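K.L.:
Below is the structure I would like to discuss, written out as structure tokens.
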Amino acid sequence: VLSETIKQGMHKSLKCIDCHQDAEDLPHTANLQPVTCNNQCHVDAQEKFARSIHAKALNQHDPNAPTCASCHGTHDILPPDHRDSLTYPLNIIKVCSDCHQMHNPSKENEWDPGRHMSSYLESTHGEALVDSGLIAAATCADCHGNHEVLKSDQPESKVYHENIPNTCGECHQGIVETYQQSIHG
């Protein structure tokens, strides 16, 4: 079953030891070390992830911190434009939402991911994606980034107040041009 899953995915041309170095010596243990994706295949994504709030949580040994597998899957990783891929636009909001709602903080005045996910789903972008199936609608990753997710108070964040026009302008070119020519821009 596992080999059939891999044959369908992005890593079908790889050998097990390309990702599982501890499987090189046979027979290997039943419990292999988690794959880090820190090899030559995903250097750019790893560099971006290393700067992210998700990596910070992982480095602090937060048991809820996402890994590559949390968002992409394991042996079943498919191209992002494949309908069954976890990162396909109609699926990525569920991946983000499931994790963020499950790890909702209980302290008052803290960022409430459950509330933000509800706001997104009720927004024009959320309704276009979920209700209409319009896969060009903005997802969590479009606005917050996919690998380099940063807090909104960091100047490098896509949702830092000064960067929001450019982030929105990635899709809304005409609107951002009008904004930039206005007194606000």
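K.L.:
Please go through the range 136-150 and pick out each residue that is buried (at least 16 other Cβ atoms within 10 Å of the Cβ) and part of a loop (DSSP other than H, G, I, E, B).
P.N.:
A137, A138, T139, G145, N146, H147, E148, V149, L150
K.L.:
Further question: Just the residues that are open to solvent by less than 70 Å² (accessible area, probe 1.4 Å) and either in a helix (DSSP H, G or I) or closer than 24 Å to H72 by Cα (or both), please, taken from the range 165-185.
P.N.:
P165, T167, C168, G169, G174, V176
K.L.:
Across the range 24-42, which residue is farthest from the chain's Cα centre (by Cα) among those that are part of a helix (DSSP H, G or I) and at pLDDT 85 or above?
P.N.:
C41
K.L.:
Among the residues of the range 74-92, is there at least one that is at pLDDT 90 or above, farther than 24 Å from Y120 by Cα, assigned to a helix (DSSP H, G or I) and open to solvent by less than 50 Å² (accessible area, probe 1.4 Å)?
P.N.:
Looking through the range 74-92, none of the residues is at pLDDT 90 or above, farther than 24 Å from Y120 by Cα, assigned to a helix (DSSP H, G or I) and open to solvent by less than 50 Å² (accessible area, probe 1.4 Å).
K.L.:
Still on this structure, please answer the following. Assess whether D25 counts as being closer than 16 Å to H72 by Cα, open to solvent by 80 Å² or more (accessible area, probe 1.4 Å) and of a type in the set (D, E).
P.N.:
Spelling it out, it is not the case that D25 is closer than 16 Å to H72 by Cα, open to solvent by 80 Å² or more (accessible area, probe 1.4 Å) and of a type in the set (D, E).
Quick grid of which residues meet (1) surrounded by fewer than 18 Cβ atoms within 10 Å (Cβ to Cβ); (2) at pLDDT 90 or above; (3) assigned to a loop (DSSP other than H, G, I, E, B):
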residue	(1), (2), (3)
N64	yes, no, yes
C96	no, yes, no
S118	yes, no, no
H125	no, yes, no
S152	yes, yes, yes
H161	yes, yes, yes
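K.L.:
If the Cβ limit is 7 Å and pairs must be 6+ apart or interchain, which residue in the range 114-142 that is free of Cβ contacts under 8 Å to residues at least 12 places away in the same chain pairs with which residue that is among the small types (G, A, S) and not in a helix (DSSP H, G or I)?
P.N.:
Going by the 7 Å Cβ cut-off, the qualifying pairs are A128/A137.
K.L.:
May I ask you to verify whether L58 is open to solvent by 60 Å² or more (accessible area, probe 1.4 Å), part of a loop (DSSP other than H, G, I, E, B) and either within 17 Å of H11 (Cα to Cα) or hydrophobic (A, V, I, L, M, F, W, C) (or both)?
P.N.:
Here the answer is no, as L58 does not meet what is asked.
The values are calculated or read from the model by the stated rules, or taken from the named source; none is laboratory data. These numbers were taken from a predicted model, which means no experiment stands behind them. As a convention, Cβ positions derive from the backbone with ideal geometry for all residues, glycine included, and neighbour counts pool all protein chains shown. Heavy atoms of the whole protein, side chains included, go into the accessibility calculation; ligands, DNA and RNA do not. Shrake-Rupley method; radii C 1.70, N 1.55, O 1.52, S 1.80 Å.
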